[in-house]
Amino acid sequence: MASIDNLFNLRGRVGNVVFCERKGKSYVRAQPMVVHNPKTRKQQAVRSRFRTAVRFYQRIPEVAIRAVLNISAGGVTTNGYALFMKLNLKVFKANGRVGDFSQMRFTVGSRQKAYDLAGRVDTSDGVELSWQNDENVGLEEMEDRLRVIVIYGDREFMPRCVADLVATRKEGRAEFRLDREKGVKAHLYCFFASPDGATFSNSQYICL
């Protein structure tokens, strides 16, 4: 900021120059340039990642998955869409693809996660999940129902709930069948829902 002895009481802005007075002395300074809609490589990448995350959410085909997100959002953020973006924005790459399936999350909640969750698949694509339970978990929580969301590698923008899955925490195991072509990866997101469906455990990831 430069000072000038006599500005003839000029005040305000002329072009990108601002005239002002402070403590009886006149000053002139340049107005900072305003950059509209910056397009640096980093900013473009952030925007592209955001668009990819929005596109993924918009293509979630099942009402049940959106309901899970909306319930999980309670006490965390405004709704299921906001929660999904909060949890998963950095999962997506600027090239329009999923960067790391293992980092994706679909639920947030206070229910106990499974210990030593493991999965194996047989030659006919039958899946067996197994887990250990905490001996201190209450009787009600032992009745929590296992739920699984699956994303197939050739349909990475189409998460689906595993249908007809009936298994509770106390059983320590569950079985179901995959629906995929040979060689396609299946990304599983497993979580427990309380008997009334009002609370969940944080989702846990397995790739088969």
Yes or no: Glu140 in contact (Cβ under 8 Å) with a residue 24 or more places away in the chain and either in a loop (DSSP other than H, G, I, E, B) or in contact with an Asp or Glu (Cβ under 7 Å, 6 or more places away or on another chain) (or both)? no
Report, by residue number, each residue of region 122-141 that is loosely packed, with under 14 Cβ neighbours inside 10 Å and either out of contact with any Pro (no Cβ under 9 Å at 6 or more places or on another chain) or polar (S, T, N, Q) (or both). Asp122, Thr123, Ser124, Gly126, Glu128, Gln132, Asp134, Glu135, Asn136, Gly138, Leu139
Ser102 versus (1) modelled with pLDDT under 95; (2) surrounded by fewer than 17 Cβ atoms within 10 Å (Cβ to Cβ); (3) outside any loop (DSSP other than H, G, I, E, B): which is the lone unmet condition? (1)
Quick one: is Asp144 surrounded by 13 or more Cβ atoms within 10 Å (Cβ to Cβ), touching a strand residue (DSSP E or B) at 6+ places or on another chain (Cβ under 7 Å) and more than 28 Å from Ser194 (Cβ to Cβ)? no
Given the criteria part of a loop (DSSP other than H, G, I, E, B), closer than 30 Å to Ala198 by Cα and either modelled with pLDDT under 95 or over 12 Å from the mean Cα position of the chain (by Cα) (or both), does Val68 qualify? no
Condition first: within 18 Å of Ser203 (Cα to Cα) and either in contact with a Phe, Trp or Tyr (Cβ under 9 Å, 6 or more places away or on another chain) or exposed (fewer than 14 other Cβ atoms within 10 Å of the Cβ) (or both). Now tell me which residues in region 158-168 satisfy that. Met158, Pro159, Arg160, Val162, Ala163, Leu165, Val166, Ala167, Thr168
Determine, yes or no, whether Ala82 is in contact (Cβ under 8 Å) with a residue 40 or more places away in the chain and either under 20 Å from the mean Cα position of the chain (by Cα) or surrounded by 18 or more Cβ atoms within 10 Å (Cβ to Cβ) (or both). no
Here are some conditions: (1) under 22 Å from Asn70 (Cα atoms); (2) touching a strand residue (DSSP E or B) at 6+ places or on another chain (Cβ under 8 Å). Val184 meets all but one. Which one does it not meet? (1)
Restricting to region 52-72, give me the number of residues that are without any contact (Cβ under 8 Å) to a residue 12 or more places away in the chain and crowded, with 19+ Cβ neighbours inside 10 Å. 0
For Thr77, state whether it is closer than 29 Å to Gly172 by Cα, touching a helix residue (DSSP H, G or I) at 6+ places or on another chain (Cβ under 6 Å), assigned to a loop (DSSP other than H, G, I, E, B) and not small (Gly, Ala, Ser). no
What's the number of the condition Gly109 fails, among (1) small (Gly, Ala, Ser); (2) out of contact with any helix residue (DSSP H, G or I) (no Cβ under 7 Å at 6 or more places or on another chain); (3) surrounded by 17 or more Cβ atoms within 10 Å (Cβ to Cβ)? (2)
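The values are calculated or read from the model by the stated rules, or taken from the named source; none is laboratory data. These numbers were taken from a predicted model, which means no experiment stands behind them. Reconstructed Cβ throughout: ideal geometry from the backbone, glycine too, with neighbour counts over all protein chains shown.
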